[in-house]
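Below is a structure I'd like to ask you about.
The values are calculated or read from the model by the stated rules, or taken from the named source; none is laboratory data. Worth saying up front: this structure is predicted, and the values here are computed from it rather than measured. FYI the Cβ positions are ideal-geometry reconstructions off the backbone, even for glycines, and counts take in every protein chain you see.
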Amino acid sequence: MSEEILEFTASGSSLVVSRAIEQYATDQGRLNALVVPWESDQGTLSMAVTAVKSDGWAIEHTNLGTIRLTDLGSNLTLIAISANEPDHADTKKFVALFDAFARQIQSRLQVATPA
């Protein structure tokens, strides 16, 4: 089950914003954020966010949520972040990790809206 937790506007095209999110997730070291081409279309990019755990050659990905980037034109992108509740022994830890990541993305990318 997926639940939208944040929606905001960022400066830049959806492609530029997706690259910034991918890089930020990589910099965190615990997450991956990747564009999912088969769930995207000309106006909207869909990104899967996963927690990554590696043990030697084995890598486990746990789906934490989805980020949808909709190109609004005028160099603006609408970001909608939805959380999944992972079916995992560490569900609470993963929910907290994704929520913190989503809020960090918002604080880094959100464009101030006029009052």
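For segment 36-81, what are the residues that are farther than 21 Å from S107 by Cα, touching a Leu at 6+ places or on another chain (Cβ under 7 Å) and modelled with pLDDT of 90 or more?
T44
Which numbered condition in (1) closer than 18 Å to L78 by Cα; (2) without any contact (Cβ under 8 Å) to a residue 12 or more places away in the chain; (3) β-branched (V, I, T) is the only one that T26 fails?
Evaluating T26 over (1) closer than 18 Å to L78 by Cα; (2) without any contact (Cβ under 8 Å) to a residue 12 or more places away in the chain; (3) β-branched (V, I, T) leaves (1) as the failure.
What are the residues in segment 50-83 that are touching a residue at least 60 places away in the same chain (Cβ under 8 Å) and surrounded by 17 or more Cβ atoms within 10 Å (Cβ to Cβ), if any?
Listed by number, the residues that qualify are G65, T66, T77, I79, I81, S82, A83.
Of all the residues that make up segment 9-34, how many are β-branched (V, I, T) and surrounded by fewer than 15 Cβ atoms within 10 Å (Cβ to Cβ)?
Final tally of qualifying residues: 2.
How many residues does segment 1-14 contain that are at pLDDT 90 or above and either in contact with a helix residue (DSSP H, G or I) (Cβ under 7 Å, 6 or more places away or on another chain) or within 22 Å of A51 (Cα to Cα) (or both)? Break it down stepwise before answering.
Initially, segment 1-14 is screened for residues at pLDDT 90 or above, giving 6-14.
Next, only the ones that are either in contact with a helix residue (DSSP H, G or I) (Cβ under 7 Å, 6 or more places away or on another chain) or within 22 Å of A51 (Cα to Cα) (or both) stay: 6-8, 10.
Within segment 1-14, residues that are at pLDDT 90 or above and either in contact with a helix residue (DSSP H, G or I) (Cβ under 7 Å, 6 or more places away or on another chain) or within 22 Å of A51 (Cα to Cα) (or both) number 4.
Please go through (1) buried (at least 16 other Cβ atoms within 10 Å of the Cβ); (2) out of contact with any helix residue (DSSP H, G or I) (no Cβ under 6 Å at 6 or more places or on another chain); (3) touching a residue at least 40 places away in the same chain (Cβ under 8 Å) for R103 and return the number of the only condition it doesn't satisfy.
(1)
I've got another one for you. Taking segment 35-49, which residues are surrounded by 15 or more Cβ atoms within 10 Å (Cβ to Cβ) and either β-branched (V, I, T) or in a loop (DSSP other than H, G, I, E, B) (or both)?
V35, S40, T44, V49
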